[in-house]
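Down below is the structure, laid out as structure tokens.
The values are calculated or read from the model by the stated rules, or taken from the named source; none is laboratory data. Nothing here was measured: the structure is a model prediction, and the numbers come from that model. Cβ sites come from the backbone with ideal geometry, for glycine too, and all protein chains shown count toward neighbours. With ligands, DNA and RNA removed, areas are computed over all heavy atoms of the protein, side chains included. Shrake-Rupley method; radii C 1.70, N 1.55, O 1.52, S 1.80 Å.
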Amino acid sequence: MRGKLVVTLVLLLLAAVGCSTGDDEELADLDGDGDAAVDGDVDADGDAEADLPDGDGDAAEEEGEDDSPPPVECRPEIPLRPLDFAADETFDLGPYLMQPTPTGIVVMWRTIEETDGAVLLGEGDEPERTIEQEGISTIHEIPIDGLEPDTRYGYRVRSGELVSALHHFHTAPEPGQGFRFALWGDNQNGPEVFQTVVAGIAAVQPHILLGVGDHVQTGSEDALWKDQLFGPARALFHEAAFFPAIGNHEQNSQNLYDLYSLPPWSDDPQNESNYSYTYGNTFFLVINVFRIFFPLGDHETELSQWIREQAASPAAQAAAWRIAYAHEPGYSEGWGNGSCTYDGNQPVRGWLLPLLAENRFHAYFAGHTHGYERGVVEGGVVEIISGGGGGGLDAWCLDWPETTVAHYAHHFLNVEVGCDTLRIEATYPDGEVFDWVELASDSWGTLVDEGPAEDLPPPVVNIDSPTLGEQRVRTLAGAAGK
Ligand SMILES: [Fe+2]
């Protein structure tokens, strides 16, 4: 059996956010040539999270009204976002980007020794200002605000005497605009393959990156975060921000909470592994399925209540598109070869997907199963498993009527989020598209176009498939999924 771990619904490790932030500004030397820079006006007040609007409508719910900005008219053309795809080895990890909003972003990197840190920032490539962190640390997390929407900035990071190469990021567009994102999962212990996936992703020029978890094989092993995620994705992460979900292999480890910067919504630091955000014309809901995210009988848990509120929130319902993602699918046809013991996550299938349908979510993305599966569930939610980021591949076990296409190959999703249509392309690392689905915003539940490619071969059948009936009964009776 492969190295997948037993899933538990409750992970009890306490976690805390590791961050170091800044409140000082000084003249910057972005291009590293010793020139003085113009005066900056960034207010980084030392509170990373408080600086960053999460766009999820929390405040609106509490106050009973929608405080999100009115959507702008959607431009038909989605602008290209060429990435400078060059790995910069100046620092141990990064620099990498998280939580882009129309007016802010978080810049992070890691150093071997505790040291100071600063972001040197300018619009275009011009140096304008420096935002310094307070104190010293190894993981540097500097929130930047006061930026212009949909604007390209040049940046370097500095710790001690070291200054990174020049990189760039784009702030998010204003609410209502289309964009492009890439999504993958389960790269874990396949860094060589993952590097080819990363190159494929860079080639489609996504504005943001979404991960459905299992980005490292063992979250508690510090070295793997570099060997399996931040190393292979280094060049991509310099220029495109990452919005990850947590997988079972991350193990709810402290490393995850230290290395990711995610928007909090309660005093419980672990609630950062469930979050929501609005990017352009889309509302995203990210769920940690390894906590109790569903009601216990008639009793709402903290998370089930939050998810329910998020799905129905003004921010979600005002968006042109609603997308949820998590590590586990509701329906899975494949599993590890020789072990057909998993057919999906029952609470996702029985509670979450119906809730998403009730709130007219367009898509639910997951990983966990190593390959690609696509179908339509609950009358209109497109469920896609995209767990082909680099880990060893699964094979087909069983037939769910809800699932249309199953293909166990390394791949990523290239998603063009337009004004009226949303097109998802399942793409091999070399750029070839093997399946696709297109949705229209005005006809929820209708596929206006879909694949697969004519020459897509039938899925590899799991050698354990004949015992499936028995295994499936056992799984549905409450046995752990693997
Ligand atoms: Fe997994």
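Name the pairs: first residue in region 194-223 and over 18 Å from Gln254 (Cβ atoms), second residue within 16 Å of the ligand (Cβ to nearest atom) and in a loop (DSSP other than H, G, I, E, B), Cβ to Cβ under 6 Å, at least 6 apart or on different chains?
Taking only residues 6 or more apart or on different chains, the pairs are Phe194/Asn187; Phe194/Gly389; Phe194/Gly390; Val197/Gly389; Val212/Gly185; Val212/Ala245; Val212/His327; Val212/Gly367.
If I go through region 275-332 residue by residue, how many of them are within 16 Å of the ligand (Cβ to nearest atom), open to solvent by 10 Å² or more (accessible area, probe 1.4 Å) and of a type outside the set (D, E, K, R)?
Result for region 275-332: 1.
Give the residues of region 380-398 that are closer than 16 Å to Gly330 by Cβ, away from the ligand (no atom under 12 Å from the Cβ) and not in a strand (DSSP E or B), sorted by residue number.
Gly380, Cys397, Leu398, listed by residue number.
Regarding Phe230, is this residue farther than 25 Å from Asp150 by Cα, in contact with a strand residue (DSSP E or B) (Cβ under 6 Å, 6 or more places away or on another chain), open to solvent by less than 10 Å² (accessible area, probe 1.4 Å) and not β-branched (Val, Ile, Thr)?
Taking the combined requirement at face value, the residue satisfies it.
I'm trying to understand the selection: among the residues of region 377-393, which are crowded, with 19+ Cβ neighbours inside 10 Å and within 19 Å of Pro452 (Cα to Cα)?
Across region 377-393, the qualifying residues are Val377, Val381, Val382, Glu383, Ile384, Ile385, Ser386, Gly387, Gly388.
Among the residues of region 142-176, what is the count of those that are over 17 Å from Tyr96 (Cβ atoms), in contact (Cβ under 8 Å) with a residue 40 or more places away in the chain and in contact with a strand residue (DSSP E or B) (Cβ under 9 Å, 6 or more places away or on another chain)?
7
Given the conditions (1) modelled with pLDDT of 95 or more; (2) in contact with a Pro (Cβ under 7 Å, 6 or more places away or on another chain), which single one is not true for Trp396?
Looking at each condition in turn, Trp396 falls short on (1).
Tell me which of these Thr446 doesn't satisfy, since it passes every other one: (1) open to solvent by 50 Å² or more (accessible area, probe 1.4 Å); (2) in contact with a Ser or Thr (Cβ under 8 Å, 6 or more places away or on another chain); (3) among the β-branched types (Val, Ile, Thr).
For Thr446, the exception is condition (2).
Restricting to region 133-163, name every residue that is over 27 Å from the mean Cα position of the chain (by Cα) and surrounded by fewer than 21 Cβ atoms within 10 Å (Cβ to Cβ).
Within region 133-163, Glu134, Gly135, Ile136, Gly160, Glu161, Leu162, Val163 qualify.
Give me a count of the residues in region 391-423 that are of a type in the set (A, V, I, L, M) and either under 18 Å from Tyr364 (Cβ atoms) or outside the structural domain of Val212 (by TED's automatic domain parsing) (or both).
Number of matching residues: 6.
Of all residues in region 399-417, how many are part of a loop (DSSP other than H, G, I, E, B) and surrounded by fewer than 22 Cβ atoms within 10 Å (Cβ to Cβ)?
Here the count works out to 5.
Quickly run through region 227-266 and pick out the residues that are under 13 Å from the mean Cα position of the chain (by Cα) and away from the ligand (no atom under 16 Å from the Cβ).
Phe237, Ala240, Ala241, Phe242, Phe243, Tyr260, Ser261, Leu262, Pro263
Restricting to region 164-222, name every residue that is more than 17 Å from the chain's Cα centre (by Cα), open to solvent by less than 10 Å² (accessible area, probe 1.4 Å) and within 15 Å of the ligand (Cβ to nearest atom).
Residue satisfying the conditions is Gly190 alone.
For region 334-356, indicate whether the set of residues that are touching a residue at least 24 places away in the same chain (Cβ under 8 Å), of a type in the set (A, V, I, L, M), closer than 23 Å to Val461 by Cα and more than 13 Å from the ligand (Cβ to nearest atom) is non-empty.
No - not one qualifying residue is present in region 334-356.
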